[in-house]
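Participant: Below you'll find the structure I mean.
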Amino acid sequence: MLNYAVKRLGLAVAIVSLAMFLLFCMIYLVPGDPASVALGPRATDAMKEALRIKMGLDQPIWVQFWHFFTGAWTGDLGEEVLSGRPVLDVVLEQLPFTLVLIAGGISWSVALGIPLGCWAAINRGSFADRLVGVLSVAVIAVPSFVIAIYALLIFAVTLQWLPAIGAGEPGDPGDQLVHLILPSLAVGLGWVGYIARMVRASMLEVLEASHIRTARAFGLPENMITYRYALTIAILPTITLLGVGIGQMLSSAVFAEIVFARPGVGKLVYDAILTRNFPVVTGAVLVTTVIFVLLNLVADLIVGALDPRVRSSF
Amino acid sequence: MSTLAISGLNVVFSTEDGPLHALKDVTFDVPERRIVGIVGESGCGKSTLINAILGLLADNGTISGGEVLFEGRDDLTQFTPRQMRDLRGPRISTVFQDPMGALNPVLSVGRQMINIQYRSDQSKEQKAARAIEMLKLVRIPDADSALERYPHQFSGGMKQRIAIAMALMMEPALLIADEPTTALDATLEVTTIELLKDLQEKIGCSVMFISHHLGVIAELCDDVVVMYAGEVVERGPVREVFQHPSHPYTRRLLECDPARQTERTRILPTIPGEIPDLRARPRGCVFAARCLDRHEGCDTPQPDIVVAPGHAARCNLAGQTAREGAGA
């Protein structure tokens, strides 16, 4: 297991490095001079030149890349243009809000998607199965920002059951949780559909397996067969899928944060783009990438922990 | 008293192309403490027979007639799914063909062996001790630590022995072994069969042993039931049936056994033709289309003719040609 974890960690480092390289190329290829953008139209040439030297833009490109690369690995993502604060601090300040939002989205999708998928698989071909199928496709097809806007309009504006904007009072978990319900639903609802379909498909496959026939031949109760014998296997591809899905949830989070005016990395990036605060944009994107890779790693480790075959093959 | 007495069992599957008559008037006994072999080619209804006995027929399958008398009193065809479930495991247990897939891959062997004892109110330690005792009985090396391990950490032969240990752990009255050695190589086949016979004597259960390996049937079984296209075409004591086969299909099957070839040949004998479409069964003999002795008497439903005590064949010629055909 340790061996497996180390290998996967090495792979994660390689992926993050590659992401850094691509990100650097993107910054480099964006037209315009970062120094002019940072200083505004009234800056003199001398001021621009001084900032360019300070930002290292006079160096050859590979030196610039090396500085960016080593800086990023040591947590130095540059400084925010306006206030001069380290970008990492700015991003990390917003990160918890987004992570909580994603966690909320995952909770919705798992709490609804897995039981629905199981239920549909057990009652295969029934009206319930078809209903779950249709609803799954429907929620997958609706973009998360549409869900966000309608959730806001229905539950916050019309019914006034839940608060509309913000993340809740700092230090009041109950209030924060209430503020989390709608945005996390907007992030996670589409994934309820994905997970329901995935769990249904893999449950149907596993229920056909000969070890399930053996379990039945030993007269084990259907509940034990479904949840302990079949679901523990059927859940594995779903966990991997969820790891990948976190990437999509991170982009849904941008919309949810804007619609519900919540703090978070998505809102941060959105504001930074509007104010041309490029170091914050790159820093936030890089941190998001690392989070994505780490959460995928966690998903793989969970699969490894649940599946002895995966564990021993590494 | 017979452990299992099947009489006139019929099973029909509803398919898109109409009803499929998978088992027709199946009648045979599994006497107490005897091993009964079921032999027949693929698609002859062996698996349907097992599933019908176990109450595990697919949703589109129904028992349309007959009875399955278990231990002389209970007709299993009348049992509710719940009653059947309580019977499976403690009273009737099964070993399936594919040892690779028969055990759950993500649960440890110990967990699975403890789970199947869920009805007993013994402590977890007692259940684990019972599991270890069974693993020792089937000669799993290092049985004490085997409970912690997962199925993929065992070889195919060991997995099949674990499956046998699981099946016999509850000391059932009837063990159904569905081609338990087909997936194993020849050496393992022999040891597994010896083990099975050993344990059967120790536990004193009856065994229904499904195989298409005639040599294994001859070696292991007391009685044999020959199935063809969902019908029992011949049944009787192994020695009697193999020496005096009374149904043309049994004779052809025995001729096709490679072990019976006395001369070197490049082409092994086969039975030309195919099993009839079970959605449109012939009115008469089900084997007629492939039979060399076919005549007008074969176009009507065939009687079960008793040719010797306990030996019957579903062929109108059974009494007459049986002894002539013995040498074939």
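Participant: Collect the residues in region B:255-268 that are of a type outside the set (D, E), surrounded by 10 or more Cβ atoms within 10 Å (Cβ to Cβ) and not in a loop (DSSP other than H, G, I, E, B), keeping them in residue-number order.
Facilitator: Selection gives B:P258, B:R260.
Participant: Restricting to region B:151-194, what's the tally of residues that are touching a residue at least 40 places away in the same chain (Cβ under 8 Å), crowded, with 19+ Cβ neighbours inside 10 Å and part of a helix (DSSP H, G or I)?
Facilitator: 10
Participant: Residue by residue through region B:115-133, note down the ones that are part of a helix (DSSP H, G or I) and either assigned by TED's automatic domain parsing to the domain that holds B:V190 or crowded, with 22+ Cβ neighbours inside 10 Å (or both).
Facilitator: B:A131
Participant: Return the residue satisfying two criteria in turn: it lies in region B:58-113 and is closer than 19 Å to B:K159 by Cβ and free of Cβ contacts under 8 Å to residues at least 40 places away in the same chain, and of such residues it is surrounded by the most Cβ atoms within 10 Å (Cβ to Cβ).
Facilitator: B:G110
Rundown of residues vs (1) of a type outside the set (A, V, I, L, M); (2) touching a residue at least 12 places away in the same chain (Cβ under 8 Å); (3) under 20 Å from A:C25 (Cβ atoms), yes/no style:
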position	(1), (2), (3)
A:L242	no, yes, no
A:L250	no, yes, no
A:F255	yes, yes, no
A:R262	yes, yes, no
A:D271	yes, no, no
A:F278	yes, yes, yes
A:G304	yes, yes, no
A:P308	yes, no, no
A:S312	yes, no, no
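Participant: Picking from B:I275, B:I271, which residue would you name as being surrounded by 14 or more Cβ atoms within 10 Å (Cβ to Cβ), of a type in the set (V, I, T), touching a helix residue (DSSP H, G or I) at 6+ places or on another chain (Cβ under 7 Å) and assigned to a loop (DSSP other than H, G, I, E, B)? Spell out the reasoning first.
Facilitator: Values: B:I275 fails: touching a helix residue (DSSP H, G or I) at 6+ places or on another chain (Cβ under 7 Å).
Criteria check complete, one pass: B:I271.
Participant: List the strands (runs of 3 or more DSSP E) inside region B:1-86, counting only whole elements, that have at least 1 residues being among the charged types (D, E, K, R) and within 25 Å of B:P282 (Cβ to Cβ).
Facilitator: Because the criterion is at least 1 residues that are among the charged types (D, E, K, R) and within 25 Å of B:P282 (Cβ to Cβ), the strands (runs of 3 or more DSSP E) in region B:1-86 that meet it are B:18-31.
Participant: What tally of residues in region A:115-125 results from selecting those that are open to solvent by 30 Å² or more (accessible area, probe 1.4 Å) and of a type outside the set (D, E, K, R)? Even if it seems obvious, please write down each step before you answer.
Facilitator: In the first step, residues of region A:115-125 are kept if they are open to solvent by 30 Å² or more (accessible area, probe 1.4 Å); the result is A:115-116, A:119, A:122-125.
Still in the running and of a type outside the set (D, E, K, R): A:115-116, A:119, A:122-123, A:125.
Here the count works out to 6.
Participant: Still on this model: All but one of (1) open to solvent by 60 Å² or more (accessible area, probe 1.4 Å); (2) in the same structural domain as B:L20 (by TED's automatic domain parsing) hold for B:V207; which doesn't?
Facilitator: If we test B:V207 against (1) open to solvent by 60 Å² or more (accessible area, probe 1.4 Å); (2) in the same structural domain as B:L20 (by TED's automatic domain parsing), just (1) comes out false.
Participant: If you go through region B:297-306 one residue at a time, do you hit one that is in contact with a Ser or Thr (Cβ under 8 Å, 6 or more places away or on another chain), modelled with pLDDT of 85 or more and among the charged types (D, E, K, R)?
Facilitator: Residues of region B:297-306 in contact with a Ser or Thr (Cβ under 8 Å, 6 or more places away or on another chain): B:304-305.
Now restrict to residues that are modelled with pLDDT of 85 or more: B:304-305.
Narrowing further to those that are among the charged types (D, E, K, R): B:304.
Taking every residue of region B:297-306 in turn, at least one turns out to be in contact with a Ser or Thr (Cβ under 8 Å, 6 or more places away or on another chain), modelled with pLDDT of 85 or more and among the charged types (D, E, K, R).
Participant: Go over the candidates A:G243, A:G247 one by one and state the one that is closer than 30 Å to A:I154 by Cβ, modelled with pLDDT under 90 and in a helix (DSSP H, G or I).
Facilitator: A:G247
Participant: What number goes with the only condition from (1) closer than 30 Å to A:I302 by Cα; (2) open to solvent by less than 40 Å² (accessible area, probe 1.4 Å); (3) in a loop (DSSP other than H, G, I, E, B) that B:I140 does not pass?
Facilitator: Evaluating B:I140 over (1) closer than 30 Å to A:I302 by Cα; (2) open to solvent by less than 40 Å² (accessible area, probe 1.4 Å); (3) in a loop (DSSP other than H, G, I, E, B) leaves (1) as the failure.
Participant: Can you tell which of A:Y229, A:Y270 is farther than 30 Å from A:E93 by Cα and over 13 Å from the mean Cα position of the chain (by Cα)? Don't jump to the end; show me each part of the working.
Facilitator: Numbers: A:Y270 fails: farther than 30 Å from A:E93 by Cα.
Being farther than 30 Å from A:E93 by Cα and over 13 Å from the mean Cα position of the chain (by Cα) holds for just one of A:Y229, A:Y270, which is A:Y229.
Participant: If you take the residues of region A:148-172 that are open to solvent by less than 100 Å² (accessible area, probe 1.4 Å) and of a type in the set (V, I, T), which of them is farthest from A:S184 (Cα to Cα)?
Facilitator: Per the stated criteria, the residue is A:V157.
Participant: Give region A:286-314 a look and list any residue that's among the β-branched types (V, I, T), within 30 Å of A:L39 (Cα to Cα) and either within 13 Å of chain B (Cβ to nearest Cβ) or crowded, with 20+ Cβ neighbours inside 10 Å (or both), or say none.
Facilitator: A:V287, A:T288 - these are the residues of region A:286-314 that are among the β-branched types (V, I, T), within 30 Å of A:L39 (Cα to Cα) and either within 13 Å of chain B (Cβ to nearest Cβ) or crowded, with 20+ Cβ neighbours inside 10 Å (or both).
Participant: Look at region A:244-260 and say how many of its residues are farther than 14 Å from A:F97 by Cβ and surrounded by fewer than 19 Cβ atoms within 10 Å (Cβ to Cβ).
Facilitator: So the answer is 4.
Participant: When you scan region B:132-160, how many residues do you find that are within 13 Å of chain A (Cβ to nearest Cβ) and over 15 Å from B:P99 (Cα atoms)?
Facilitator: Here is the first cut: in region B:132-160, the residues within 13 Å of chain A (Cβ to nearest Cβ) are B:148-154, B:159-160.
Now restrict to residues that are over 15 Å from B:P99 (Cα atoms): B:148-149.
Of the residues in that region, 2 qualify.
Participant: Here's something else I'd like to know. Kindly list, by first and then second residue, each pair from a residue in region A:178-191 that is under 9 Å from A:A151 (Cβ atoms) to a residue that is at pLDDT 90 or above and of a type outside the set (K, R), limited to pairs with Cβ atoms under 7 Å and residues at least 6 apart or on different chains.
Facilitator: A:P183/A:L101; A:L185/A:W108; A:L189/A:W108
Participant: Within the bounds of region A:186-208, is there any residue that is among the aromatic types (F, W, Y), on the phi < 0 side of the Ramachandran plot and away from chain B (no Cβ under 12 Å)?
Facilitator: yes
Participant: Out of region A:83-110, which residues are of a type in the set (S, T, Y), loosely packed, with under 15 Cβ neighbours inside 10 Å and under 24 Å from A:A148 (Cα atoms)? Talk me through it step by step, then tell me what you get.
Facilitator: Taking region A:83-110 and keeping what is of a type in the set (S, T, Y), we get A:83, A:98, A:107, A:109.
Subset that is loosely packed, with under 15 Cβ neighbours inside 10 Å: A:83, A:107.
Within region A:83-110, A:S107 is the sole residue that qualifies.
Participant: To continue, here is another question. Find the residue count for region A:213-250, including only residues that are hydrophobic (A, V, I, L, M, F, W, C), within 18 Å of B:G55 (Cα to Cα) and more than 8 Å from every other protein chain (Cβ to nearest Cβ).
Facilitator: Residues flagged as hydrophobic (A, V, I, L, M, F, W, C), within 18 Å of B:G55 (Cα to Cα) and more than 8 Å from every other protein chain (Cβ to nearest Cβ) within region A:213-250 amount to 1.
Participant: Restricting the first residue to region B:273-286 and requiring it to be at positive phi, which pairs with a second residue that is open to solvent by 50 Å² or more (accessible area, probe 1.4 Å) meet a Cβ separation below 7 Å and a spacing of at least six or different chains?
Facilitator: B:G273/B:A289
The values are calculated or read from the model by the stated rules, or taken from the named source; none is laboratory data. As the structure is a prediction and not an experimental result, all values here were calculated from the model. Cβ coordinates were reconstructed from backbone atoms using ideal geometry, including for glycine residues, and neighbour counts include every protein chain displayed. Accessible surface areas use protein heavy atoms only, side chains included; no ligands, DNA or RNA. Shrake-Rupley method; radii C 1.70, N 1.55, O 1.52, S 1.80 Å.
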